[in-house]
Amino acid sequence: MAYNCVVLAKQVPDTANITGKAMKEDGTVNRAALPAIFNPEDLNALEMALQVKERYGGQVTVVTMGPPRAADLLRDALTRGADRVILLTDKRFAGSDTLATSYALKCAVEKTGAYDLVFCGRQAIDGDTAQVGPQTAEKLGIPQITYAETIDSLGDGQIVATRALPLGRETVRCTLPCLLTVVGTANRPRPPSVRRAITFKLAATPLDYPSLLERWPEFGTEEALDRYLSERGLKIPVWTADDIDAEEGRLGLAGSPTKVLKVDYVVLGGTETKAFDASQEGVSALIHELVSEYIL
Ligand SMILES: Cc1cc2nc3c(=O)[nH]c(=O)nc-3n(C[C@H](O)[C@H](O)[C@H](O)COP(=O)(O)OP(=O)(O)OC[C@H]3O[C@@H](n4cnc5c(N)ncnc54)[C@H](O)[C@@H]3O)c2cc1C
């Protein structure tokens, strides 16, 4: 039996490779100093979905909600093996907390058509709440397996999966459709395929058409460009709040009870340094220090 898989993936600032000042004076994130990347655990989620497709057949659809530049994540997903990608972008989504984000994602998942499995990362490295997956499952009215590390079996409308928990592993069975939040130890995400990278280099959303027409005036009109990209599977569809039949009051700031009043940034600096000789006495002094400070 083939499985239709939907992967929810978020583009996040790369907090591990800061190329400038990470925070602005007003306490907001300086996104210009942080390159945008595929949320790491969402790559594990995508890999798990691709493995389901390879083993059982089916289709992998990747959905992201974000600004127009989140289309880069979708191009990346295509080069790794996704069959279909959707960019959810609309000014009305701006300022969404997890409640509004999961509502928009739920509407989008339903709009993708019949699905068997929804995959999320366990957590995004920017918002860090780990709430979006569970909230999306709740709104879809389907069971969820959080902290999923392996899919042990799929069949007869059921899934058996193992969860990686802080104190051990737990194997659970549940009915399909179901949502999994996937941990970073689940697998090693495959790199982009060179062949697919060449194929999808030109993949674009309609929002890119004006700039593409400046580069390729020979296409003449947006309609002609749209036809060219669509026929070759290179058009990345853009869905707005209207396309997913979302209630406006449940989106963006209007649908977000969370108010972030203030963000403080903390600079950690060493206050004291001690040097120890590379000698028997130095090592003894170091161990004594670690024991007396309760570090060892
Ligand atoms: C400083 C700060 C504090 C915040 N505090 C709160 C708060 O206390 N409560 C609150 O509700 N919100 C808060 N937010 C907003 C929160 O970051 C956003 O709602 C965010 O878009 C979703 O939450 P997350 O990043 O924690 O995702 P998580 O819940 O950590 O993400 C889990 C998974 O859900 C999926 N996912 C998440 N977002 C998307 C997306 N846009 N598109 C596709 N898939 C997605 C991915 O698979 C991801 O791995 C805060 C934001 C900031 C900047």
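Secondary-structure-derived ellipticity at 222 nm for the chain, considering helices only, amounts to -8500 deg cm²/dmol, per-run term -39500 (n - 2.57) for DSSP H runs with n ≥ 4.
The simple Förster model, with R0 at 30 Å and r as the Cβ-Cβ distance, assigns Ala197 and Val266 a FRET efficiency of 0.15.
Over 29 Å between Cα atoms: which of Lys53/Lys139; Lys21/Lys201; Lys21/Lys111 fall into that group? Result: Lys21/Lys201; Lys21/Lys111 exceed 29 Å.
Per the Kirkwood definition applied to all pairs of different Cα atoms, how many angstroms is the hydrodynamic radius of the range 78-191? Intermediate values should be presented prior to the final figure.
Numbers: mean 1/r = 0.0657 Å⁻¹.
That comes to 15.2 Å for the range 78-191.
Using a probe of 1.4 angstrom and keeping all protein chains present, the accessible surface of the range 7-98 works out to 41 square angstrom per residue. Of the Cα atoms belonging to the chain, the radius of gyration and Dmax stand at 22.7, 79 Å.
The long axis of helix 40-56 is offset from the longest Cα principal axis of the chain by roughly 50 degrees.
Using only C-alpha atoms and all pairs of different ones, pull out the Kirkwood radius for the range 157-296 in Å with one decimal. The Cα-based Kirkwood calculation yields 23.5 Å.
DSSP loop (so not H, G, I, E, B), at most 13 other Cβ within 10 Å: list which trypsin sites (Lys or Arg not before Pro) in the range 181-213 pass both filters.
Taking the range 181-213 and a limit of 13 other Cβ atoms within 10 Å, the loop trypsin sites (Lys or Arg not before Pro) found are Lys201.
Shape of the range 125-170 from the C-alpha gyration tensor: oblate (a/c of 1.5 or more and a/b not above b/c, with a ≥ b ≥ c the square roots of its eigenvalues).
Specify the angular offset, from 0 to 90 degrees and rounded to the nearest 10, of the alpha carbon long axis of helix 71-80 from the longest principal axis of the alpha carbons in the chain. The two axes meet at around 90 degrees. The calculated FRET efficiency for Glu247 paired with Glu138, based on their beta-carbon distance and R0 = 22 Å, is about 0.85.
Note on the range 224-267: along the principal axes its Cα atoms extend 49, 35, 14 Å, ordered by decreasing extent. In this label model, His288 and Leu165 are separated by 4.6 nm, measuring between points 7 Å along each Cα→Cβ vector.
Under the convention that each Lys and Arg Cβ holds +1 and each Asp and Glu Cβ holds -1, the size of the dipole of the chain around its Cα centre is about 600 debye.
No solvent, one uniform scatterer per C-alpha: report log10 I(q)/I(0) for the range 1-151 via the Debye equation at q = 0.11, 0.15, 0.17 1/Å, two decimals. Rounded to two decimals, the profile gives -0.41, -0.76, -0.97.
Translational diffusion coefficient of the range 1-90 at 4 °C, 1.567 mPa s, Stokes-Einstein with Kirkwood Rh over Cα pairs, in µm²/s as a whole number.
Details: Rh = 14.1 Å.
This corresponds to a translational diffusion coefficient of 92 µm²/s.
Once every Cα of the range 96-139 carries one equal point scatterer and solvent is ignored, give the base-10 log of I(q)/I(0) from the Debye formula at q = 0.23, 0.25 Å⁻¹, two decimals. Per q value, in the given order, log10 I(q)/I(0) is -0.78, -0.90.
Please say if the range 200-275 is rounded, prolate or oblate, where rounded means a/c under 1.5 for a ≥ b ≥ c the square roots of the C-alpha gyration tensor eigenvalues, and otherwise the choice is prolate for a/b larger than b/c and oblate otherwise? Oblate, because a/c is 1.5 or more while a/b does not exceed b/c. Distance from the C-alpha centroid of the range 106-150 to that of the range 31-73: 13 Å, rounded to the whole angstrom. The equivalent ellipsoid that matches the C-alpha gyration tensor of the range 40-96 spans semi-axes of 24, 10, 10 angstrom, in descending order.
The values are calculated or read from the model by the stated rules, or taken from the named source; none is laboratory data. Keep in mind that what you see is a predicted model, and the values were worked out from it rather than measured. Cβ atoms come from the backbone with ideal geometry, glycine included; neighbour counts cover every protein chain shown. Areas reflect the complete protein model, heavy atoms only, side chains present, ligands, DNA and RNA absent. Shrake-Rupley method; radii C 1.70, N 1.55, O 1.52, S 1.80 Å.
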